[in-house]
Amino acid sequence: MTVAWRRSWLAYLLVALIAEAAVASEDPGNLHHALHQLADQVQPQVVAWRRDIHQHPELANREFRTARLVAEHLRHIGLDQVRTGIAYTGVVGVLRGGHPGPVVALRADMDALPVQEALDLPYASRVRTIYRGEETAVMHACGHDAHVAILLGVATVLAELRAQLPGSVVFIFQPAEEGPPQGEDGGAALMLKEGAFADPRPEAIFALHVANDPPGVVSYRAGGINAASLPFDITLHRTQAPRQAFGQGGDALLASAHLILALQALVSREVDAILAPSVVTIGRIRTQQHGAEVELSGMARTLHPDLVPQLRRRLPELARGTASAHAVKAEFQFRQDALPVNFTDPALLERMLPTLERSGNARGTFISPAQLGAEDFGFFAEEVPGLYFYMGVNPEGKTAAQSAPNHSPYFFVNDEALVYGVRMLSALAYDYLRQG
């Protein structure tokens, strides 16, 4: 079997023996040294995977090529179980260790964005496709290409150590994190519905997300690290017949102005800002028939799970109450793509933080500020305790202020930083299993 990136069998055997000795002596220092060595050896292939996936990005629920690449490699390294077609294009692989023990899951998202790449790279995306009925460019502007490559590297590392693994690892490659196409389900919720956590069911799940921080630097947060999102649509109608004149019924356009103010008062006067930052935003207003009908689309977000029921109750109440006060009718609907809080379990974080700090090779860690961006990893973390963290992939010496953020056409991943992700996720999985 010829694989250009793979070092000699003797090198892998040496590292495996080091790891076995580390397990026998319960010396996590030696164990992490062995994991680092394996991560360094797989790094060239991780970079090759990342560049290949970056050059061939695919939008949500259409990650056919990426899923095929993933499944082929998981089978190649001998995972005990590889399932495909979960939530359209999702892949789940199971690595069963040589000893009985717990089950832990690792997740990577696979989808790209409808963004025109602005970087002049030899592996830049030139892909174009149809999105919402229009032709668009496609780019991995959020770093999901790096996530897939890192997790493939982790699977390779842990597969080399399967004889020493005290438990099992479930590798989840998820489509449609950025949201499914209109009219389709998808993402983490659909993966769970279609059995991503079945046979075996994990007891915890870990995931990383690349960010424009210095390479290898980790940021984390106990509790809500990304907000729950509640997208909604409101339609306001005048109650009189269309041909009737103004003054004989309410004005939906005027009512919409008062409703927008009322929605701002909801978060400033009713929601506990000390408990968690929250926001309600109206992002689109469309009117027709001289104010007879107004359509509003908006989004509510909060970082605390306990505030989600309050927002779900009060948003339609405010819409209907404000409409009634202005003699118009309100139709309110939450859209299907609502997301829960992306919640890092505090106890799991406390337990695994020493591993995270050590396996990062002393690049540094810090507590992440609250972020009102959304991430559907929260669906997994509602099922089992989850730990989600950010890892910097900037070029050496560049700060966040000097580089483009995620979702920018200029977002750049420093390939040399990918090895830190392989080290961290490998060590988190192994230490979680070893600790029982």
Quick check on this structure: which one of LEU275, LEU315 is in contact (Cβ under 8 Å) with a residue 12 or more places away in the chain, touching a strand residue (DSSP E or B) at 6+ places or on another chain (Cβ under 8 Å) and not acidic (Asp, Glu)? LEU315
Could you say which residue among LEU192, LEU113, LEU151, LEU95 is touching a Cys at 6+ places or on another chain (Cβ under 9 Å), of a type in the set (A, V, I, L, M, F, W, C) and at pLDDT 95 or above? LEU113
Do you know which residues across the stretch 164-173 are in a strand (DSSP E or B) and open to solvent by less than 10 Å² (accessible area, probe 1.4 Å)? GLY167, VAL169, VAL170, PHE171, ILE172, PHE173
Could you say whether any residue in the stretch 256-266 is small (Gly, Ala, Ser), surrounded by 16 or more Cβ atoms within 10 Å (Cβ to Cβ), in contact with a Leu (Cβ under 7 Å, 6 or more places away or on another chain) and modelled with pLDDT under 95? no
In the stretch 347-382, how many residues are closer than 27 Å to HIS36 by Cα, in a helix (DSSP H, G or I) and open to solvent by 50 Å² or more (accessible area, probe 1.4 Å)? 6
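I'd like to know if the stretch 152-163 contains one or more residues that are farther than 25 Å from LEU38 by Cβ and either over 19 Å from the mean Cα position of the chain (by Cα) or surrounded by 18 or more Cβ atoms within 10 Å (Cβ to Cβ) (or both).
No, there is no match, as no residue in the stretch 152-163 is farther than 25 Å from LEU38 by Cβ and either over 19 Å from the mean Cα position of the chain (by Cα) or surrounded by 18 or more Cβ atoms within 10 Å (Cβ to Cβ) (or both).
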Considering the stretch 187-196 alone, what residues qualify as being part of a loop (DSSP other than H, G, I, E, B) and either surrounded by fewer than 24 Cβ atoms within 10 Å (Cβ to Cβ) or not aliphatic (A, V, I, L, M) (or both)? GLU194, GLY195
Considering ARG284, ARG269, ARG301, which residue is assigned to a helix (DSSP H, G or I), open to solvent by 30 Å² or more (accessible area, probe 1.4 Å) and basic (Lys, Arg)? ARG269
All but one of (1) of a type in the set (Gly, Ala, Ser); (2) outside any helix (DSSP H, G or I); (3) more than 15 Å from THR89 (Cβ to Cβ); (4) in contact with a Ser or Thr (Cβ under 9 Å, 6 or more places away or on another chain) hold for ALA176; which doesn't? (3)
Return yes when ALA108 is surrounded by fewer than 16 Cβ atoms within 10 Å (Cβ to Cβ) and touching a Phe, Trp or Tyr at 6+ places or on another chain (Cβ under 7 Å) and no when it is not. no
Count of the stretch 308-346 residues which are more than 16 Å from ALA257 (Cα to Cα), crowded, with 22+ Cβ neighbours inside 10 Å and in contact with an Asp or Glu (Cβ under 8 Å, 6 or more places away or on another chain): 4
Restricting attention to the stretch 82-103, does a residue exist that is surrounded by fewer than 24 Cβ atoms within 10 Å (Cβ to Cβ), part of a helix (DSSP H, G or I) and more than 22 Å from the chain's Cα centre (by Cα)? no
What's the number of the condition GLY397 fails, among (1) open to solvent by 10 Å² or more (accessible area, probe 1.4 Å); (2) part of a helix (DSSP H, G or I)? (2)
Can you pull out every residue in the stretch 287-298 that is within 29 Å of GLU375 (Cβ to Cβ) and either in a loop (DSSP other than H, G, I, E, B) or in contact with a Pro (Cβ under 6 Å, 6 or more places away or on another chain) (or both)? none
Cβ-Cβ distance below 8 Å, separation of 6 or more or different chains: which pairs start in the stretch 284-310 with a residue that is at positive phi and end on one that is open to solvent by less than 70 Å² (accessible area, probe 1.4 Å) and outside any strand (DSSP E or B)? GLY291/ASP251; GLY291/ALA252
Of all residues making up the stretch 34-71, the number that are at pLDDT below 95 and either touching a Phe, Trp or Tyr at 6+ places or on another chain (Cβ under 9 Å) or part of a loop (DSSP other than H, G, I, E, B) (or both): 1
If you check LEU95, LEU74, which single one turns out to be within 12 Å of PHE173 (Cβ to Cβ) and touching a helix residue (DSSP H, G or I) at 6+ places or on another chain (Cβ under 9 Å)? LEU74
Does PRO405 satisfy the condition of being open to solvent by 50 Å² or more (accessible area, probe 1.4 Å), over 30 Å from PRO166 (Cα atoms) and touching a residue at least 24 places away in the same chain (Cβ under 8 Å)? yes
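Examine the stretch 89-109 for a residue that is among the aliphatic types (A, V, I, L, M) and more than 27 Å from PRO44 (Cβ to Cβ), and state whether such a residue exists.
Initially, the stretch 89-109 is screened for residues among the aliphatic types (A, V, I, L, M), giving 91-92, 94-95, 103-106, 108.
Keeping just the survivors that are more than 27 Å from PRO44 (Cβ to Cβ) gives 103.
Scanning the stretch 89-109, I find at least one residue that is among the aliphatic types (A, V, I, L, M) and more than 27 Å from PRO44 (Cβ to Cβ), so the answer is yes.
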So, ILE225, is that one farther than 16 Å from VAL170 by Cβ and in contact with a strand residue (DSSP E or B) (Cβ under 9 Å, 6 or more places away or on another chain) or not? yes
Filtering the stretch 197-221 down to residues that are open to solvent by 10 Å² or more (accessible area, probe 1.4 Å) and either among the β-branched types (Val, Ile, Thr) or farther than 22 Å from PHE379 by Cα (or both) yields ASN212, ASP213, PRO214, VAL217
Within the bounds of the stretch 345-362, is there any residue that is under 26 Å from PRO215 (Cβ atoms), in contact with a Ser or Thr (Cβ under 9 Å, 6 or more places away or on another chain) and of a type in the set (S, T, N, Q)? yes
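The values are calculated or read from the model by the stated rules, or taken from the named source; none is laboratory data. Predicted, not measured: the structure shown is a model, and the values here were computed from it. FYI the Cβ positions are ideal-geometry reconstructions off the backbone, even for glycines, and counts take in every protein chain you see. Note: accessible area is taken over every heavy atom of the protein model, side chains too, but ligands, DNA and RNA are not part of it. Shrake-Rupley method; radii C 1.70, N 1.55, O 1.52, S 1.80 Å.
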